[in-house]
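Have a look at the structure below before the remarks.
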Amino acid sequence: MKESSASQHSYWQDHFRRQHPKKNGAGIAKSMDYSNDRLQVQTYAHILEALGSLRGRTLLDAGCGWGLFSLMAYSLGASPVGVDFVPETIEALRDLHPMIRWEVSDLAGAGQLDSLGVFDRVAAVEILQCMHFQSSLAALWSRVAPGGRLVGCVPNSLCPFAPGVRQRLPEWIPISPEEISTAAHGLPGCSEVIFKGLTYLEDQHFLPYVASAWGPSISGTPNRIVFTLLRA
């Protein structure tokens, strides 16, 4: 398991070292390797919905990339800490946006997040498929303060597109709703798990995804799963 974890870490660190310097059509650095910015924007909207009001709250942005979500949270009144495992990106962010705390950390590394303290909100957007899901979720959950919540977005392993993506990205490990529920119910103090499914639309002229309602389970096989864990 340790060897596999080290291999996965190196694979994704190299991947995002190559990805982070890329720019979109407007010359803005990409935070995630989505095919287009519209997917990213809609994903962030659902994450913000699940996090609730951020004014006066602390937020851990796990796997922050170029910090776009941290910057949004900051503009909404949060005190964010952006964490990523690409040192070059974090160094650049410290120069570009010194009003936000940026830290280098391996989210899957045992105890590496402990020095950050606990947070009212933890966001893990499109990152948990790049590491061992259960142990990484537990590490992030340990950073959630009482009464707080963790919000994540992951690719659904039951989605018909998942096998094709895995052929291209062997260390990309999508997650099923059942795996999320099982892991969440083993976390101390987790009082509720709430899901939303995001499914690609054939006609994307208005929105790329159609979103389900929030609920305790998901029907169908959406492409992405947004989930919220509430802490008592």
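Determine which single condition I194 fails, assuming it passes every other condition in (1) at pLDDT 95 or above; (2) of a type in the set (A, V, I, L, M); (3) exposed (fewer than 15 other Cβ atoms within 10 Å of the Cβ).
(3)
Looking only at the range 34-45, how many residues end up being surrounded by fewer than 20 Cβ atoms within 10 Å (Cβ to Cβ) and out of contact with any helix residue (DSSP H, G or I) (no Cβ under 8 Å at 6 or more places or on another chain)? Spell out the reasoning first.
In the first step, residues of the range 34-45 are kept if they are surrounded by fewer than 20 Cβ atoms within 10 Å (Cβ to Cβ); the result is 34-38, 41-42, 44-45.
Retained after the next criterion (residues that are out of contact with any helix residue (DSSP H, G or I) (no Cβ under 8 Å at 6 or more places or on another chain)): 35-38, 41-42, 45.
So the answer is 7.
Condition first: farther than 19 Å from G152 by Cβ and in contact (Cβ under 8 Å) with a residue 60 or more places away in the chain. Now tell me which residues in the range 195-207 satisfy that.
The answer is Q204, L207.
Taking the range 200-211 as the search range and keeping residues that are surrounded by fewer than 17 Cβ atoms within 10 Å (Cβ to Cβ) and either touching a strand residue (DSSP E or B) at 6+ places or on another chain (Cβ under 7 Å) or among the hydroxyl-bearing types (S, T, Y) (or both), which one is nearest to A145 (Cα to Cα)?
Going residue by residue through the range 200-211, those that are surrounded by fewer than 17 Cβ atoms within 10 Å (Cβ to Cβ) are 200-207, 210.
From the residues that got through so far, the ones that are either touching a strand residue (DSSP E or B) at 6+ places or on another chain (Cβ under 7 Å) or among the hydroxyl-bearing types (S, T, Y) (or both) too are 200-201, 210.
Details: Y200: 34, L201: 37, V210: 32 Å.
In this case the residue turns out to be V210.
Can you pull out every residue in the range 53-66 that is outside any strand (DSSP E or B), within 17 Å of V151 (Cβ to Cβ) and not aliphatic (A, V, I, L, M)?
Of everything in the range 53-66, those that are outside any strand (DSSP E or B), within 17 Å of V151 (Cβ to Cβ) and not aliphatic (A, V, I, L, M) turn out to be S53, R55, R57, G63, C64, G65.
Can you list residue pairs whose Cβ atoms sit under 6 Å apart, with the first residue in the range 53-66 being under 14 Å from V83 (Cα atoms) and buried (at least 24 other Cβ atoms within 10 Å of the Cβ) and the second being at pLDDT 95 or above and among the polar types (S, T, N, Q)? Count only pairs 6 or more apart in sequence or on different chains.
These pairs meet every condition: D61/S70; C64/S70.
What are the residue pairs meeting all of these: first residue in the range 76-98, first residue closer than 18 Å to L113 by Cβ and in contact (Cβ under 8 Å) with a residue 60 or more places away in the chain, second residue of a type in the set (D, E, K, R) and assigned to a loop (DSSP other than H, G, I, E, B), Cβ atoms under 7 Å, and 6 or more apart or on different chains?
Every condition considered, the pairs that remain are F85/D106.
Given the conditions (1) hydroxyl-bearing (S, T, Y); (2) in a loop (DSSP other than H, G, I, E, B); (3) within 19 Å of Q40 (Cα to Cα), and given that S217 satisfies all but one, which numbered condition is not satisfied?
(3)
Of all residues in the range 67-91, how many are surrounded by 24 or more Cβ atoms within 10 Å (Cβ to Cβ), small (G, A, S) and assigned to a helix (DSSP H, G or I)?
2
Need a quick list: strands (runs of 3 or more DSSP E) entirely within the range 100-166 having at least 1 residues that are under 20 Å from L76 (Cβ atoms) and within 15 Å of the chain's Cα centre (by Cα).
Numbers: elements: 101-104, 119-125, 144-155.
In the range 100-166, the matching strands (runs of 3 or more DSSP E) lie at 119-125, 144-155.
Quick one: count up the residues across the range 45-70 that are under 23 Å from Q129 (Cα atoms) and out of contact with any strand residue (DSSP E or B) (no Cβ under 7 Å at 6 or more places or on another chain). Quick ask: steps written out before the conclusion?
Quick first cut of the range 45-70, residues under 23 Å from Q129 (Cα atoms) only: 45-51, 59-70.
So of that shortlist, the ones also out of contact with any strand residue (DSSP E or B) (no Cβ under 7 Å at 6 or more places or on another chain) come out as 45, 48-49, 68.
The number of residues fulfilling the criteria is 4.
The values are calculated or read from the model by the stated rules, or taken from the named source; none is laboratory data. Values in this document were obtained by computation on a predicted structure and should not be read as measured data. Please note: Cβ atoms are built from the backbone with ideal geometry, for glycine as well, and neighbour counts cover all protein chains shown.
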